[in-house]
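Colleague: Got a structure here, written out as structure tokens. Questions coming.
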Amino acid sequence: MSEASRAIFRGLVERIGGVDAAAATIEARLGACSKGTVSKMCAGHIGVTVEAMRALEDGLGAFPLTTHLFERVGRIGVTTGCLHTLAAQSSIEAGEVHAAIIRAFSHASADPNDLTPTERAEVMKELREAIDVMQQMLTIVESDPS
């Protein structure tokens, strides 16, 4: 992660109320997080996870790190519809589906034996995102005459 991205993450931690509040916010979403982990992310000793970033941004209702990362597309010039790019994206999306399902059936869930309404909504959202990427891949592959 670039220093600019890490600085934005540190800003999120400060805005949410410090390391303790950030750890609690991340733990509420993921089921586990310590203030030591957040401190290490801020200091650059370990990487900032996408889930930690999303938890803080969602908790604040502000998305500066997501925006910063999205702006890379314009700077780097990633080609939309590129099968290589979509393959990488599909892997991420599939991982997010699996993470949502695993969280729903973990001890962190209110009902580890069944999906709660909130968990069901999260799983459906992640599945739709994964299906969208897969559909884009299918369209590209089907349109290739070779």
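Values quoted throughout were computed directly from the atomic coordinates according to the rules given, and no laboratory measurement underlies them. These numbers were taken from a predicted model, which means no experiment stands behind them. Every residue, glycine among them, receives a Cβ derived from its backbone with ideal geometry; neighbour counts consider all protein chains shown.
Colleague: Residue separation times 0.36 nm, minus the C-alpha to C-alpha distance between Thr139 and Ser34: what's the value?
Modeller: Result for the pair: 33.5 nm of gain on full extension.
Colleague: Pairing the Cα long axis of helix 117-143 with the longest principal axis of the chain, what angle in degrees results, from 0 to 90 and rounded to the nearest 10?
Modeller: That helix lies at roughly 30 degrees to the long axis.
Colleague: What number, rounded to the nearest 500 deg cm²/dmol, is the helix-based mean residue ellipticity at 222 nm of the chain, given -39500 (n - 2.57) per DSSP H run of at least four residues and division by all its residues? Each step should come with its number before you reach the end.
Modeller: Numbers: 7 runs with 108 residues, N = 146.
So the calculated ellipticity at 222 nm is -24500 deg cm²/dmol.
Colleague: Quick one: 3J(HN,Hα) in Hz for the stretch 40-57, Karplus 6.51/-1.76/1.60 with θ = phi - 60°, rounded, Gly and Pro as x.
Modeller: 5, 5, 5, 7, x, 6, 9, x, 7, 7, 4, 5, 5, 4, 5, 4, 5, 4
Colleague: Mean-square fluctuation check for the chain, GNM, Cα pairs under 10 Å: which of Ala130, Ala100, Ala32 is largest?
Modeller: Ala32
Colleague: Using only Cα atoms, what Kirkwood radius does the chain have, in angstroms?
Modeller: 17.0 Å
Colleague: What distance in nm lies between label points placed 7 Å from Cα along the C-beta direction at Arg15 and Asp58?
Modeller: With each label placed 7 Å out from Cα toward Cβ, I get 1.7 nm.
Colleague: Could you tell me which residue out of Ser5, Gly59, Phe105 lies farthest along the dipole of the chain toward its positive end? Charges go on the beta carbon: Lys and Arg +1, Asp and Glu -1, centred on the Cα centre.
Modeller: Ser5
Colleague: Report the FRET efficiency, 1/(1 + (r/R0)^6), for Leu69 and Ala43, where r is their Cβ-Cβ distance and R0 is 22 Å, rounded to 0.05.
Modeller: Efficiency, from the Cβ-Cβ distance: 0.65.
Colleague: Okay, moving on. At 0.36 nm per residue, minus the direct Cα-Cα distance, what do Ala4 and Leu127 gain on full extension? Give it in nm, one decimal, please.
Modeller: Extra length from Ala4 to Leu127 when fully extended: 41.2 nm.
Colleague: In debye, nearest 20, what is the charge dipole magnitude of the chain about its Cα centre with +1 on Lys and Arg Cβ and -1 on Asp and Glu Cβ, if you could check?
Modeller: 540 debye
Colleague: Sequence gap at least 6, Cα distance under 8 Å: using those rules, report the relative contact order of the chain to the nearest whole percent.
Modeller: Relative contact order of the chain: 20 percent.
Colleague: What does the charge count around Val13 come to, taking other residues whose C-beta lies under 13 Å from its C-beta (Lys +1, Arg +1, Asp -1, Glu -1)?
Modeller: Working: positive: Arg6, Arg10, Arg15, Lys35, Lys40; negative: Glu14, Asp20, Glu57.
Result for the neighbourhood of Val13: +2.
Colleague: May I pose another question? Would you look at the GNM of the chain, springs on alpha carbons closer than 10 Å, and say which of Glu27, Glu71, Glu51 moves the most?
Modeller: Glu71
Colleague: Per 0.36 nm of contour for each residue apart, how much would the distance between Val50 and Ala99 grow if the chain were fully extended, relative to their Cα-Cα spacing? Walk me through the intermediate numbers first.
Modeller: Details: separation 49, 0.36 × 49 = 17.64 nm, distance 1.16 nm.
Length difference between fully extended and current span is 16.5 nm.
Colleague: About its Cα centre, what dipole magnitude does the stretch 3-72 give when the only charges are +1 on Lys and Arg Cβ and -1 on Asp and Glu Cβ, stated in debye to the nearest 20?
Modeller: 120 debye
Colleague: May I pose another question? Treat the count of other C-beta atoms within 10 Å as a stand-in for reagent exposure and order Ile92, Ile26, Ile8 from fewest to most.
Modeller: Going from least to most buried by this count: Ile92, Ile8, Ile26.
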